[in-house]
1. Among residues belonging to segment 190-215 that are in a loop (DSSP other than H, G, I, E, B) and open to solvent by 50 Å² or more (accessible area, probe 1.4 Å), point out the one that is farthest from residue 164 (Cα to Cα).
2. Is it the case that segment 165-183 has a residue that's over 22 Å from residue 212 (Cβ atoms), surrounded by fewer than 14 Cβ atoms within 10 Å (Cβ to Cβ) and more than 22 Å from the chain's Cα centre (by Cα)?
3. Evaluate the following for residue 173: is it in contact (Cβ under 8 Å) with a residue 24 or more places away in the chain, within 14 Å of residue 91 (Cβ to Cβ) and part of a helix (DSSP H, G or I)?
4. Which pairs turn up if I take residues in segment 73-97 that are closer than 15 Å to residue 55 by Cβ and look for partners that are open to solvent by 70 Å² or more (accessible area, probe 1.4 Å) and among the polar types (S, T, N, Q) with beta carbon separation below 8 Å, at least 6 apart in sequence or on another chain?
5. Going by what's in this entry, would residue 204 be described as more than 14 Å from the chain's Cα centre (by Cα), of a type in the set (Val, Ile, Thr), modelled with pLDDT of 95 or more and closer than 30 Å to residue 26 by Cα?
Amino acid sequence: MDYELIFLAAGQGKRMNTDQNKMWLELASEPIFVHALKPFLADSRCKHIVIVCQADEKPIVQHFLGKMALSASELAQIEVVPGGVERQHSVKNGLAKCGASELVLVHDGARPFVSLAMIDRLCEAASREGAAICAVKVKDTVKRVERGVVQKTVDRENLWQVQTPQAFKQETLKEAHAKAAIDDFLGTDEASLVERLDVPIQVVEGSYYNIKITTPEDMPLAQAILEELEENKH
């Protein structure tokens, strides 16, 4: 099934200890932004990309798009819009620009290692169930802590680390955002909004490589992942 993509690039560099948007940091001579966008540009099912960025960074986005040597048809499918104060507001801004596609994916531009196989699993599940997220099972022991003191060891059997992309029927995501606005609810991701509609959300296999680059320690790990993925191509 064809889909449209809301691509979130309105991040900041606070936890990266940098004075620039982390999306512009380079991995193998290309910005994180470019690595994260490429899989969707390579997917023929992706018919429209709405890049949501900080209003004053629109020229930067357009600069990097210009350096990607995209065809006229590829450029025509990309739209750049300003984000909001919170992630949720940015997604809502992007959603307002989506066309008639039944399916909408939302992806965080700080995750540069999405695979087409992951997108396949998401689209198949969301087309069938109406909503789907990719995730990986928690590996570590998890403890609930209050004021620095362990209260309980949490059973990790049913704990998953959620990633993006996330995929939804467009009408479902719009309904979830409308309800959140009425209730003055601020969620941590799109699934947390859709959950409030009591819509079942299918979990599909993500990847432990699909990391979100957030802190300086993530950059060496990202470089190692990139090198391994490149090796596996040959």
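1. 198
2. yes
3. yes
4. Here the result reads 80/62, each pair linking segment 73-97 to a residue that is open to solvent by 70 Å² or more (accessible area, probe 1.4 Å) and among the polar types (S, T, N, Q).
5. yes
The values are calculated or read from the model by the stated rules, or taken from the named source; none is laboratory data. Worth saying up front: this structure is predicted, and the values here are computed from it rather than measured. Cβ atoms come from the backbone with ideal geometry, glycine included; neighbour counts cover every protein chain shown. Accessible surface areas use protein heavy atoms only, side chains included; no ligands, DNA or RNA. Shrake-Rupley method; radii C 1.70, N 1.55, O 1.52, S 1.80 Å.
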